[in-house]
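The values are calculated or read from the model by the stated rules, or taken from the named source; none is laboratory data. What you see is a predicted model; the values in this text were computed from it and never measured. As a convention, Cβ positions derive from the backbone with ideal geometry for all residues, glycine included, and neighbour counts pool all protein chains shown. The area values use the complete protein model at the heavy-atom level, side chains included, leaving out ligands, DNA and RNA. Shrake-Rupley method; radii C 1.70, N 1.55, O 1.52, S 1.80 Å.
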Amino acid sequence: MHNPLYAVARRRIVGIQQLIEWLLCQDIPYPNIRDALIRNQKEFNKQMAELVDARASATPATFAQLISTALAQVQDGLKPLETLQRACNHDAAFEIQAPLLRLIRACLTSKHRLILYYEWHPSPRTWTYPGQISKDYVWVGMPIVESQNPLVVPLAAHEIAHNIWNPKAPQIQTMLSNVTKTLGDVMMSSPFRSRILNELGIDDPANSLNQADLFLSPLALASYSASRQLQELFCDTFAICVFGTSYLNAYRYLLEPNAGPRSIEYPKNSDRIKFQSEAASEIGLTVPAGYEASFYEADDYAHDQKQLLLLDIADLTVARHWKEVSAFANLVARQAHIHCEDWIRVHRHELAFFKEGRPAIGSINLPTIIDAAWTRYNDLLNDTDLKAEELTKQNSHLFEITLKTLEVFELEQTITGTKL
């Protein structure tokens, strides 16, 4: 008798293989997409061969397990394929792909590849997909409504930083261990200890926090929130280190006022904006006027009193450790030789080209191009003589010549032998 799930698994793998073949026949805009598709294709071809061999030789129990694994892998494989299909959108600004790839390889390894895609989501995102499809790949998703706007590029640096943050790295492990200790200290302090006893029924929170399986503890949310908040602050600071004030401009442009329920994975808006401003000031950057006043505080109505208690504990712990994380972000940017302090005081001649309405030549790097574009954008925004229609026209032209400048920059890098 045929195993009915074998026919299902085989049909689904064949469906995946056909989908990959179809995608490979499309006009793929840059090689990294094709490489990812071919890698995925090889994985599913191997899986099909193993399944066919197992049908003839494996025990019924082993065969059933292989079928179950195959079905799970097919399900896991659909999401990255959907993303790769979106990455083939030719309306996107692929001029930023190569400069961003240079940034990624400076921070990670020369083998890393970028999958840049645009999606129906209001803010940038990054994904880590299971299996071989994600190995050595950085996936950066940008909002489709800004697909022709290069001024949002600094936000991609935040997403890249998520791929740099590795909880298994010794320095990060040490930081997270210190965070756990601070969480225990905060929980044992007044008034949190009595609140934890009254609301959660735990009389020794420090011991509960250090139990073997923390995620079985009612205190797990505080630990998870603190570690995730610090990762977000690392990503913010790294992006500021690389793109300077342009990151703050891009962040405000895309995310203000950002009202709504607070996520446990992010600091409160007021804290996050304060930390960003301090990180910028510490490396000599001028925070845009009115920056902190540009954002609303997110509501806490989505959380009950127990969650709010644990978030208060996480927030206080984060405030005690964020400078440690900020210093680490600065170190990473300096070691990769992409820190904005290397160029921020240099005259950025791209601005002169942009004022003349033409693409720049001889650019220093990706951040200087975007920095000059933001300066020009803000100048236009503050020009009270420009009518709304003319401002829109001028901004569209600025976006075009900025993208063309990125294209020229990449050509210049190729001519001078700067390896990608």
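Scanning the stretch 119-148 for residues that are among the aliphatic types (A, V, I, L, M) and modelled with pLDDT under 85 yields one hit, Ile133. The single condition among (1) open to solvent by 50 Å² or more (accessible area, probe 1.4 Å); (2) closer than 21 Å to Ile196 by Cβ; (3) at pLDDT below 90 that Lys268 does not satisfy is (3). Filtered by the rule that a residue be touching a residue at least 40 places away in the same chain (Cβ under 8 Å) and touching a Lys or Arg at 6+ places or on another chain (Cβ under 7 Å), the stretch 259-283 gives Arg262, Glu265, Lys268. Annotation for the stretch 52-62: at least one member residue is more than 30 Å from Ile240 (Cα to Cα) and crowded, with 17+ Cβ neighbours inside 10 Å. Just one residue in the set Leu391, Leu380, Leu420 is exposed (fewer than 12 other Cβ atoms within 10 Å of the Cβ), touching a Leu at 6+ places or on another chain (Cβ under 7 Å) and aliphatic (A, V, I, L, M); that residue is Leu420.
Answer with yes or no whether Arg113 is among the basic types (Lys, Arg), open to solvent by 30 Å² or more (accessible area, probe 1.4 Å) and either without any contact (Cβ under 8 Å) to a residue 60 or more places away in the chain or closer than 17 Å to Pro154 by Cβ (or both). No: the conditions fail for Arg113. The criterion of at least 3 residues that are among the charged types (D, E, K, R) is met by the following helices (runs of 4 or more DSSP H) wholly inside the stretch 197-292: 220-243, 269-282. Here the stretch 166-181 is the region considered, the condition is being out of contact with any Asp or Glu (no Cβ under 8 Å at 6 or more places or on another chain) and open to solvent by less than 20 Å² (accessible area, probe 1.4 Å), and the residue that is farthest from Gln394 (Cα to Cα) is Val179.
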